[in-house]
1. Which condition breaks for residue 190 when tested against (1) modelled with pLDDT of 80 or more; (2) of a type in the set (A, V, I, L, M, F, W, C); (3) more than 60 Å from the chain's Cα centre (by Cα); (4) closer than 21 Å to residue 52 by Cβ?
2. For residues in the stretch 499-529 being open to solvent by 40 Å² or more (accessible area, probe 1.4 Å) and more than 41 Å from the chain's Cα centre (by Cα), which is modelled with the highest pLDDT?
3. Mind checking which strands (runs of 3 or more DSSP E) fall wholly inside the stretch 141-214 and carry at least 1 residues that are in contact with a Ser or Thr (Cβ under 9 Å, 6 or more places away or on another chain) and among the aliphatic types (A, V, I, L, M)?
4. Suppose we filter the stretch 537-569 for residues that are within 41 Å of the chain's Cα centre (by Cα) and modelled with pLDDT under 85; how many remain?
5. Can you tell me which residue is modelled with the highest pLDDT among those in the stretch 422-457 that are in contact with a Phe, Trp or Tyr (Cβ under 7 Å, 6 or more places away or on another chain) and aliphatic (A, V, I, L, M)?
Amino acid sequence: MPWKLGVKFSVFLVLIFLIGSSLKIFTLSQHFNYQAEKAVQERAEILLTTMQAVRNYTQDNIQPRLEDSPEWDSSFVLESVPNFAARTVFEDFRQYAPDYQAFSYKEATPNPTNPDDRTDEFEASIFKQLQTRSTEQPERLSGYRTLGETKLFYIARPLIMTDAKCLNCHGKPGDAPQSQIEMYGDQNGFGWQLNDVIAAQMIYVPADTILDRGYQNLWAVTTILLSLFGALFLVINLLLWRTVIRPLKILTRVSKQISSCSLQDEPRMKLNPSQGLDTLTNRRDEPGQLARAFQFMLHVLGQREQDLQLAVQERTQWLEQEMHERQTAQESLQLYSHAINHDLRNLVMGISSVVQGILFQTFGKDKEQHSTSETSDVITIEPAALTLIQTSCDRQLNLMNTLMTEESSDIWRVALQLQTIHLQNLTADLQKSYKAKLASSTIHNCIPNDLPPIKADPSQLQRVFENLIDNALKYNPNRVDITLNARVEASDSPMIRCTVQDNGVGIDSQKINSLFGVYTRGQSDTCVTGYGLGLYICRKIIEAHGGTIGVETSADGGATFWFLLELST
């Protein structure tokens, strides 16, 4: 079985570059950091041992000589204190040893004589750990801590009081020299016990010192590894060029030739053998398989292109047929609306003719002859009722004439026949027409007589009032009181504000913004018929007059519909 390209190159690239280099660098980094930390720790232990030697020398040689001095009992000599001697020697040592200038020394204790030696929170925890260790085999603690924004490496070991002479200055305040009390006070540095851990000897080193040494060693080794990997990378890339990149370039040229012409153009699809595709198909590896797949793909794509063109033609024909059917349906709808309008006009005109005949027979010149020839049952019709029927028929004819004007190309567009009208007269006639419709409900007309006239279409404006009144009656079937009112509202251009107010169930405040939309209905506990177009038609009529319409509601119930109209000029 021939070797595949993945076996030839993937193992080298993935294993050598990723796993090998990453693992090696990580391991070396850990090792070099450990070695650097160990070297620093050894130096720190040497310093701790040196400082302990200074303390012992001060305690064993300096203090005995000063005890024979007559000033020993009356004065406190700092140079005789082991802590002071160790710190002073350490500071002098740092000045003469540049490699140790980053080191710092501290005898941290919670009960110090010198306040500079007091432990912070971290050092206090180290001190407590050292107190629990065995005094016969004192142990050391080491690790890292963060002080401010600086990361430090520390090493600490317990400082045990083994000399009973130290109790002269650190036992009871009364036994200490007066000069010591005057210098440090009598609150700290007393109450020590023999063989107790009294402090933690600590050496601090910045962590950067350790890491820099580890990085230097790591960089040297990494440079060597990168050089080796670079040479290996060149060899692998040369192999990659011969076995992968060059065959892929051949396939790329073939792909461009395929994309530059239609699959149905067979003469142009003849490939040039000099491009190397024929030679590539003879190979048994992946590029050879891909070349053979290209040849098969040409055949399949040609068939699919034919099928796609046929499907596009069928879809185009279907869309054209669908558009033709929709156009026919639209024309039929327009013809149907005209026919309905024609039938309604004939019906209303017939009713109007009958009513006019009755009025003529009742109030005409031939009244006496009609009364003497009366042989059938007499039907009594009030003249006011007949007048109302005639008025309603005329208004319906005007509305239908408006629908058939040339502005009605938009089904919701309103064509106006403006006249100068008085709102009080219009609403008074409207109030009379509702008397027969009202059961327990009432309509109050509070529009004043002295209200200025307005320029409006009386039929359309009456339509607005009727829709608003019908809505109040529809959603309050038991009883409702409706009040019609109007007033002049002062503004830059004077307007008349008309209101239709009721004390019914009210309107949900969340529906107010959408109440005047198409097919929008209010809320009701009973079943209410209708399509939800009344308020939408009202809005269109008011907007056609150049006004605005809205509604207000309250928590106590009831609603107030209002609209603004311009005054007649």
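The values are calculated or read from the model by the stated rules, or taken from the named source; none is laboratory data. Please read all numbers here as calculations on a predicted model, not as lab measurements. Because the Cβ atoms are built from the backbone with ideal geometry, glycine has one as well, and the counts that use them run over all protein chains shown. What goes into the accessible areas is simple: the full protein's heavy atoms, side chains included, and nothing from ligands, DNA or RNA. Shrake-Rupley method; radii C 1.70, N 1.55, O 1.52, S 1.80 Å.
1. Evaluating residue 190 over (1) modelled with pLDDT of 80 or more; (2) of a type in the set (A, V, I, L, M, F, W, C); (3) more than 60 Å from the chain's Cα centre (by Cα); (4) closer than 21 Å to residue 52 by Cβ leaves (4) as the failure.
2. For the stretch 499-529, the residue satisfying everything is 501.
3. Fully inside the stretch 141-214 and qualifying: 150-160, 197-206.
4. Total satisfying the criteria: 5.
5. Among those that are in contact with a Phe, Trp or Tyr (Cβ under 7 Å, 6 or more places away or on another chain) and aliphatic (A, V, I, L, M), it is 443.
Every residue, every condition in (1) open to solvent by 40 Å² or more (accessible area, probe 1.4 Å); (2) modelled with pLDDT under 85; (3) within 19 Å of residue 41 (Cα to Cα), yes or no:
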residue	(1), (2), (3)
76	no, yes, no
104	yes, no, yes
110	yes, no, no
115	yes, yes, no
118	yes, no, no
125	yes, no, no
128	yes, no, no
131	yes, yes, no
134	yes, yes, no
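The rows are residues; the columns are (1) modelled with pLDDT under 80; (2) polar (S, T, N, Q); (3) out of contact with any strand residue (DSSP E or B) (no Cβ under 9 Å at 6 or more places or on another chain).
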| position | (1), (2), (3) |
| --- | --- |
| 15 | yes, no, yes |
| 35 | yes, yes, yes |
| 40 | yes, no, no |
| 44 | no, no, no |
| 63 | yes, yes, yes |
| 73 | yes, no, yes |
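Condition check ((1) open to solvent by 30 Å² or more (accessible area, probe 1.4 Å); (2) closer than 16 Å to residue 206 by Cα; (3) of a type in the set (A, V, I, L, M)) across all residues:
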| residue | (1), (2), (3) |
| --- | --- |
| 154 | no, yes, no |
| 158 | no, no, no |
| 161 | no, no, yes |
| 164 | yes, no, yes |
| 173 | yes, no, no |
| 177 | no, no, no |
| 183 | yes, no, yes |
| 188 | yes, no, no |
